[in-house]
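The values are calculated or read from the model by the stated rules, or taken from the named source; none is laboratory data. Nothing here was measured: the structure is a model prediction, and the numbers come from that model. Glycine also receives a Cβ, built like all others from the backbone with ideal geometry; neighbour counts cover every protein chain displayed. Heavy atoms of the whole protein, side chains included, go into the accessibility calculation; ligands, DNA and RNA do not. Shrake-Rupley method; radii C 1.70, N 1.55, O 1.52, S 1.80 Å.
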Amino acid sequence: MLPVLSRASLLTALLLSSIASLGAEPLPTDPALVIGELENGLRYVIRRHANPPGRAAVWMHIHSGSLNETEQQRGLAHYLEHLAFNGSENFPPGSVVPFFQSLGMTFGRDQNAFTSFEQTTYQLSLPSVEPEVLRKGLTFFADVLYRLTLSPTEIEAERQIIQEERRRRLGARQRTGDYVMERLVPGSIFGRRNPIGTEESINAVQQADFQDYYNRWYTASNATLLVVADAEPEAVVDLIQETFGGAPKRPRPTPQDAGIKPYEKSFAIVASDPELRSEELQVVRIEPARPPVRTVEQLRDELVMNLGRSAMNRRFGNKIAAGGTSYASASVQLRNTGGALFSAEVSARAESGRWKEALQEVAMEVQRARLHGLRPQEIDDVKAELLSAAEWSVQTEPTATAQALISQLNADVTRAEPTMSAAQRLDLLKRLLPSITPEEVSARFSREFDPSAVAFVAVLPTGPEVPSESELLKIGLEAVGVTPEPESERPRATHLLSELPAGGRVVEASDHAASGVWSGWLDNGVRVHHRFMDQQKGEVSVSISLIGGELLETAQTRGITAAAQTAFRVPATSRLSSTDIRELMTGRKVVVSGGGFPGRGAGGGRRGGGGPGGVDDSLSLEINGSPDDIESGFQLAFLLLTDPKIEPAAFAQFQSRTREMMLEMLKNPAFLGARIASAAPYPKDEPRTRPLEVEQLERLQLEPTQAHLRKLITESPIEVPIVGDLPRDRAIELACRYLGALPARDR
């Protein structure tokens, strides 16, 4: 007689049966793509797309980067990328840039390339899809693939350019990063294949080295051509056959084995540099790269892994926002890098002088999640975010830019994974996410972040507090050996607004026929503009500017506006913490944000009205999202414009992070030069045009900054453009209800 199954057992059995049935079911491929291969092995992916109309984005992906170099060739893959623009059969040296400029293109914007561990990708943005223009672009790429001249003269001419590019990167972070990477993957070539190479290898490589690498890795069978264009795919295929059909047919080369092996025991790496000001920590576990995700079963497995990662990162964010942590930022990552290495990483940036405590606290939080699991609500929040993002992608995909689409194609080609349409991905998420349980996610998280054989890494400023590697190892092992209590539950907020504001009304309005812009004044003195634009479906942008900004500062209050904007960067009110707001906005297809790092303090470049060397003349709050959820964005903006709160932890982190960046950048010649140049045109006795000084930053205090923000939101003139896929009536309705309810002010 068969045993009687309980309801829970039956559900479990059905679930396991459902997962098993996924088997090797392949992931779908976007039906909008035309995919093929020439007889010589060149693969191509083409998508017809008309944003922007009448143009084409064309990339050629070579499936080889610095990981395929020999020790003697270090840096050669990137060096070769430069030489691709310096002479070929149809484009003599010095002719490539002028030729494409004659078509109306700009080098660096429409014509570019990049090299990484596993790829070298060449990019063209063509101004026309006329056959002759496409033919010329494809002919250039065909020359790059198999007709480069690689003359000794051009190699020598480019050598010092490569060296200068390498020297520009030689700051403290590059030095410590190179040191850590080489020791993080012992016995592997991975840590010795930084794409830029070394001074010695760049000086040593000669024509024979280039020919050896070029002849081996630049073959039709090792390249994929990507085309997103406002053109018939069949016509593009004919042009690809015409321009690339003559490339020799050779077997696809086998990538070089990077030699990645999992750690057998834990160890420590300590790197220090006198130019550093931050204290950064990692706990890392590595193994060979995991295979590409090509089946539904593999996608589900990836979702289980990433749900835990995202839930843990949200938990870290909540801890930091609540204050009292020794770490200013913390995160976990699970990723393949370079097609060769998979890593599980716990990373943190410590508050100044507190690296040891930060390592202990971060390790404890990861152990808490490993031993006690992630809460169902945490997993549900991440699921809601995934579904919301996928739904928004379905809305926006038809009018996404060609550059966005081709970038996604290139990412999928790099990973050797199929490109799905937004609708296909949404359907799979709806199908798979309900079957993933919190217990399954927690168990997977525990396995991925097993600390039994890891590398403890500390990157610190040079000084007496820098530990030896044996000391760091001891501290690290003790940190991951703790048994913390479970995470405690806390009540969650249920709504942004207890009731909707009464709002205001339009008292003056006008239409500008030529631009299609409507402009109006609300009865409280707020200026509003609207233009309907559906070139990008499902997207609305609202920019709320409080006029004044740094113009209102004095020598004694320099930097206070950037500090005040912390309330917009980390949104909070007197009633709702930033964690409450993050949870309430979960699953909504809208983002409310404001401000960034004060650029002048960082060395000269900046955001805002002033440009480099000028003054930001406004405090800004941005709403970007789907028309479906844009009202939620307006509600949050209303709260931040009537009852903003600068949380103490966010204020302290703003000061500490800004201080670290400023002190570190003052040691960097490029940033120091930009800082000096930004102030040069202005009077020395005008504090608003002078770069922010560390002393001014440290003089800022929370209460005066909160008072400054209160004054700005109460008195500043406000101007608001609303642009995007939002009908005018709806835009005016939202503006009146939420912006019209703000305190009255002068126009």
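Residues that are part of a helix (DSSP H, G or I), modelled with pLDDT of 85 or more and under 26 Å from the mean Cα position of the chain (by Cα): does segment 678-685 have at least one? Taking every residue of segment 678-685 in turn, none turns out to be part of a helix (DSSP H, G or I), modelled with pLDDT of 85 or more and under 26 Å from the mean Cα position of the chain (by Cα). With respect to the conditions (1) surrounded by 17 or more Cβ atoms within 10 Å (Cβ to Cβ); (2) farther than 16 Å from Arg216 by Cα; (3) polar (S, T, N, Q), Asn68 lacks only one, and its number is (2).
Scanning segment 277-303 for residues that are within 22 Å of the chain's Cα centre (by Cα) and part of a helix (DSSP H, G or I) gives Leu299, Glu302, Leu303. Just so you know, in segment 328-354 the residues that are within 17 Å of the chain's Cα centre (by Cα) and of a type in the set (S, T, N, Q) include one that is farthest from Ala411 (Cα to Cα), and it is Ser329. Looking across segment 80-110 at every residue that is part of a helix (DSSP H, G or I) and under 17 Å from Leu145 (Cβ atoms), the one that is most open to solvent (accessible area, probe 1.4 Å) is identified as His82. Condition test on Leu473, is it under 30 Å from Asp273 (Cα atoms) and touching a Phe, Trp or Tyr at 6+ places or on another chain (Cβ under 7 Å)? Judged against the criteria, Leu473 is a match.
For segment 670-687, residues that are in contact with a Gly (Cβ under 9 Å, 6 or more places away or on another chain) and open to solvent by 30 Å² or more (accessible area, probe 1.4 Å) total 10.
Quick grid of which residues meet (1) closer than 30 Å to Gly54 by Cβ; (2) touching a helix residue (DSSP H, G or I) at 6+ places or on another chain (Cβ under 8 Å):
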{"position": "Gln333", "(1), (2)": "no, yes"}
{"position": "Gln360", "(1), (2)": "no, yes"}
{"position": "Lys383", "(1), (2)": "no, yes"}
{"position": "Val413", "(1), (2)": "yes, no"}
{"position": "Ser421", "(1), (2)": "yes, yes"}
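Restricting segment 722-744 to residues that are open to solvent by 20 Å² or more (accessible area, probe 1.4 Å) and in a loop (DSSP other than H, G, I, E, B) leaves a set whose member that is farthest from Val526 (Cα to Cα) is Asp725.
Of everything listed in (1) over 27 Å from Lys474 (Cα atoms); (2) within 29 Å of the chain's Cα centre (by Cα), the single unmet condition for Thr254 is (2). With respect to (1) assigned to a helix (DSSP H, G or I); (2) open to solvent by 30 Å² or more (accessible area, probe 1.4 Å); (3) over 30 Å from Gly625 (Cα atoms), the lone exception for Arg657 is condition (3). Annotation for segment 628-635: no member residue is open to solvent by less than 10 Å² (accessible area, probe 1.4 Å), part of a loop (DSSP other than H, G, I, E, B), within 29 Å of Thr494 (Cβ to Cβ) and out of contact with any Asp or Glu (no Cβ under 9 Å at 6 or more places or on another chain).
With the structure loaded, tell me whether Gln73 is within 23 Å of the chain's Cα centre (by Cα) and buried (at least 21 other Cβ atoms within 10 Å of the Cβ) or whether it fails that test. So Gln73 does not fit the description; no.
Identification of strands (runs of 3 or more DSSP E) wholly contained in segment 495-564 with 3 or more residues that are more than 34 Å from the chain's Cα centre (by Cα) and free of Cβ contacts under 8 Å to residues at least 12 places away in the same chain yields 506-512.
Close Cβ contacts (under 8 Å, 6 or more residues apart or on different chains) running from residues in segment 191-202 that are more than 10 Å from Arg166 (Cβ to Cβ) to residues that are acidic (Asp, Glu) comprise Gly191/Glu182; Arg192/Glu71; Arg192/Glu182; Arg193/Glu69. The set of residues in segment 440-487 being open to solvent by 60 Å² or more (accessible area, probe 1.4 Å) and of a type in the set (S, T, N, Q) consists of Ser452, Thr462, Ser470, Thr483. Where helices (runs of 4 or more DSSP H) fall wholly inside segment 169-238, the ranges with 1 or more residues that are open to solvent by 60 Å² or more (accessible area, probe 1.4 Å) and of a type in the set (S, T, N, Q) are 199-204, 207-217. Take Leu712 and tell me if it is surrounded by 20 or more Cβ atoms within 10 Å (Cβ to Cβ), more than 24 Å from Thr557 (Cβ to Cβ) and either out of contact with any Ser or Thr (no Cβ under 8 Å at 6 or more places or on another chain) or in contact (Cβ under 8 Å) with a residue 24 or more places away in the chain (or both). Against the criterion (surrounded by 20 or more Cβ atoms within 10 Å (Cβ to Cβ), more than 24 Å from Thr557 (Cβ to Cβ) and either out of contact with any Ser or Thr (no Cβ under 8 Å at 6 or more places or on another chain) or in contact (Cβ under 8 Å) with a residue 24 or more places away in the chain (or both)), Leu712 does not qualify. Here Ala330 meets each of (1) in a strand (DSSP E or B); (2) closer than 30 Å to Glu25 by Cβ; (3) of a type in the set (A, V, I, L, M, F, W, C) with one exception, condition (2).
Residues in segment 61-78: is at least one part of a strand (DSSP E or B), at negative phi and touching a residue at least 40 places away in the same chain (Cβ under 8 Å)? For segment 61-78, residues part of a strand (DSSP E or B), at negative phi and touching a residue at least 40 places away in the same chain (Cβ under 8 Å): present.
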